[in-house]
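The structure appears below as structure tokens.
Since every read-out is calculated from the coordinates, none of them should be taken as a lab result. Because the structure is a prediction, the values reported are computed rather than measured. With ideal geometry, Cβ positions are generated from the backbone for all residues, glycine too; neighbour counts draw on all protein chains shown.
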Amino acid sequence: MKKAFFTLALLVQVGFAMATEKTKNVAQVRHENVKMYQQAGTASKLLKSLTTADRVEILRRLNNQWTIVMVDGEAGYVLHSELVKPTAYQTLAAASAKR
């Protein structure tokens, strides 16, 4: 009985670990030409201008204003107010547009 319980507990932990690795916190920008900066501040170097078709992965929220994001393998800072969660339709449209 102990062996069965231990095996079940181990399988549940592995399942949770695998589920969290596959999920990424993805967002989109509200409108075209949203600025991504090298540091948290509009006076820092501008890395790129983002469009609504860009896939923005949220790494973590820095504070009430800034979010650290990853776009095309490059990390930067975007104003949190410029980010929205994509709907299923927007996600499909962005994926087909990049093909």
Would you mind getting me the FRET efficiency between Glu57 and Met1? Use the beta-carbon distance for r and R0 = 41 Å, nearest 0.05.
0.40
Arrange the following residues from fewest to most other Cβ atoms within 10 Å of their Cβ: Asp54, Asp72.
Asp72, Asp54
If you add up the charges near Gly41, with Lys and Arg at +1 and Asp and Glu at -1, over every other residue whose beta carbon is less than 15 angstrom from its beta carbon, what do you get?
+1
Residues of the stretch 57-83 with backbone nitrogen within less than 19 Å of a virtual label 7 Å along the Cα-to-Cβ line of Ala40, please, listed as ranges.
57-71, 75-83
